[in-house]
Amino acid sequence: MIRGIKWLVGPGVLAMTLVSWMCLAGNEEPEKKRILFYSESEGFRHSVVARPLTGEMAHAEKELKRMAEKAGYEIEFSQSFHDLKSPKQLDRYDAIVLYTSGNPKFNLEALFQWLRSGKALIGIHAATDTWRGEGKEITEYTKVIGGAFKTHGTTNKEKVAIKIEDRNHPATRMLGAEWVIADEIYHHDKYSRDRMHVLMSVDTSKTNLGPQKMEAGGDYPLAWTREEGKGRVFYTAMGHREDVWTNPTFEEHLMAGIAWAMGLTDGK
């Protein structure tokens, strides 16, 4: 029978047909999603992304590698702008996770074009302390990521009550109505709730506001989502402390946000 097919369609087409048939017969798994965790620091370098002089991975890199592989993703790591200079380099990835600071030298226009084509951009903690401009200037990056870091409190050791504003979103549905955790809590400015969907914010009625330098009734969003062209943006301000990265609740929150950004789950 194979000889008959060969005679009818020719050797080249036969080879392609047999390969296709074998792939179907083998029930191959779909190609894994590929993520880049990029943590170039041109401003304050957080300890969780500081690589030891011994050449080992940074703490956050090790933990995100563990999380991503458990979820079935491929993940790569970089702190060099040379890896994000051209659209061709970015096109290798389904999602880019940023834990950056200051003004990294990567190609912003290529990043925006890549995202708007239908990709996923995830910001963790200091990603809003990146390309935030001077004074009242609102940069294109700030518009895309959703807001700009303004300041934080005097301690990251005191627990804060976080109000879950959207309890149905994949990135927060595991948290219930409230999440109490100790971390460095950011204040943001240059944001608009009209341009983003806030998932959670500080509950000022249940938080010791003095050490956090906050005002009662103030607005302190800590996680949100956006859509940018055909792409999706997820940001969480958590992730300063090393122990947060080993917290199972943070892992669920972060990985569900990444999955949402890649379009693997639904949510506003």
Exercise for the section: Would you mind checking which residues have amide H under 5 Å from I75's amide H? H placed 1.01 Å from N; only 5 or more apart, or other chain. Expected result: I35
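With n ≥ 4 as the cut-off for DSSP H runs, can you work out [θ] at 222 nm for the chain, using -39500 (n - 2.57) per run divided by the number of residues, rounded to the nearest 500?
Working: 8 runs with 73 residues, N = 268.
Theoretical 222 nm ellipticity from helices: -7500 deg cm²/dmol.
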Problem - Zone of L264's modelled label, taken as backbone nitrogen in the range 83-116 under 15 Å from a point 7 Å along Cα→Cβ - result: 93-97
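Take the alpha carbon gyration tensor of the range 38-102, find the square roots of its eigenvalues, order them as a ≥ b ≥ c, and report rounded if a/c is under 1.5; if not, report prolate when a/b exceeds b/c, else oblate.
On the way: a/c = 1.93, a/b = 1.09, b/c = 1.76.
Oblate shape, in that a/c is at least 1.5 and b/c is the bigger or equal ratio.
So what's the range 32-261 giving for Cα Rg divided by 2.2 N^0.38 Å, two decimals? Before the final figure, lay out the partial values.
On the way: Rg = 16.5 Å, N = 230, 2.2 N^0.38 = 17.4 Å.
Taking N as the residue count of the range 32-261, the ratio is 0.95.
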Problem - Residue (of T128, A256, Q89) at the positive-pole extreme of the chain, dipole from beta-carbon charges - result: Q89
Handout entry: 0 to 90° range, to nearest 10: angle between helix 59-71 axis and the chain longest Cα axis
Key = 50
Practice task
Using DSSP, restrict attention to beta bridges with both residues in the chain and report what percent are antiparallel, rounded to the nearest 5.
Solution key: 50
Fill in the blank from the handout: Given unit charges at Cβ for Lys, Arg (+) and Asp, Glu (-), the dipole magnitude of the chain about its Cα centre in debye, nearest 20, is 560
Handout entry: the range 34-40 - phi-based ³J(HN,Hα) in whole Hz, Karplus 6.51/-1.76/1.60, Gly and Pro as x
Key = 10, 10, 10, 9, 10, 9, 5
Practice task
Using only the Cα atoms of the range 130-267, build the gyration tensor, take square roots of its eigenvalues as a ≥ b ≥ c, and label the shape rounded, prolate or oblate: rounded if a/c is under 1.5, else prolate if a/b is larger than b/c, else oblate.
Solution key: oblate
Problem - Karplus (6.51, -1.76, 1.60) ³J(HN,Hα), θ = phi - 60°, over the range 242-247, in Hz, Gly and Pro reported as x - result: 4, 5, 5, 5, 9, 7
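Report, in debye and to the nearest 20, how large the dipole of the range 88-231 comes out about its Cα centre when Lys and Arg carry +1 and Asp and Glu carry -1 on their Cβ. Write out the running numbers ahead of the final one.
Numbers: 21 positive and 20 negative charges, 48 e Å.
With Lys and Arg at +1 and Asp and Glu at -1, about 240 debye.
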Exercise for the section: Give the residues of the range 148-182 whose amide nitrogen is closer than 20 Å to a point set 7 Å from the Cα of R193 in the direction of its Cβ. Expected result: 148-151, 161-173, 176-179
Completion exercise
Going residue by residue through the range 206-216, the Karplus relation 6.51 cos²θ - 1.76 cosθ + 1.60 with θ = phi - 60° gives ³J(HN,Hα) values, rounded to whole Hz and with x marking Gly or Pro, of 10, 10, 6, 6, x, x, 8, 6, 10, 10, 4
Problem - Sequence-distant residues sharing a close amide H with Y220 (under 5 Å, placed H) - result: V202
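Read the figures in this text as sums done on the coordinates, not as results from a lab. Remember, predicted model here, so these are calculated numbers, not experimental data. In this analysis, Cβ positions are derived from the backbone assuming ideal geometry, glycine residues included, and neighbour counts consider all displayed protein chains.
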